[in-house]
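Here the structure comes first, spelled out in structure tokens, and everything after it is commentary.
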């Protein structure tokens, strides 16, 4: 665990250095991540919205860390997701491209 005061500038530097993973090792991230999981009863928010139960496997940045490092520790920018929902979120563009490539064009 990295014990330091996480700032937007520090996060930007980690992104530029290709070491974004360091952010996820910080005590600040672990604290806000754990708080979000507790708030959501360790449930996937998207599954719960459609009446299903799935455990939270990942705390996801709605506005991606690389795009909005200033929101990295904003609990309102986080959502608890199960493994499937998290995968779908990060691969939705690939799925769209794949389906467009193989759709029939008459």
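Summed over the stretch 1-30, residues that are out of contact with any helix residue (DSSP H, G or I) (no Cβ under 6 Å at 6 or more places or on another chain) and over 13 Å from residue 74 (Cβ atoms) total 17.
Taking each residue of the stretch 22-35 that is outside any helix (DSSP H, G or I) and looking for partners that are surrounded by fewer than 16 Cβ atoms within 10 Å (Cβ to Cβ) with beta-carbon atoms closer than 6 Å, six or more apart or interchain, yields 26/2.
Whether a residue is touching a strand residue (DSSP E or B) at 6+ places or on another chain (Cβ under 9 Å), without any contact (Cβ under 8 Å) to a residue 40 or more places away in the chain and not in a helix (DSSP H, G or I) was assessed, and residue 53 passes this test. Here residue 47 fulfils each of the conditions (1) out of contact with any helix residue (DSSP H, G or I) (no Cβ under 6 Å at 6 or more places or on another chain); (2) in a loop (DSSP other than H, G, I, E, B); (3) under 18 Å from residue 91 (Cα atoms) apart from (2). Once the stretch 59-76 is narrowed to residues that are closer than 17 Å to residue 41 by Cα and buried (at least 18 other Cβ atoms within 10 Å of the Cβ), the residue that is farthest from the chain's Cα centre (by Cα) is 59.
FYI, it's all coordinate maths here, none of it is from the lab. Please read these numbers as outputs of a predicted model, since none were measured by experiment. Here Cβ is always computed from backbone atoms with ideal geometry, including for glycine, and neighbour counts include all displayed protein chains.
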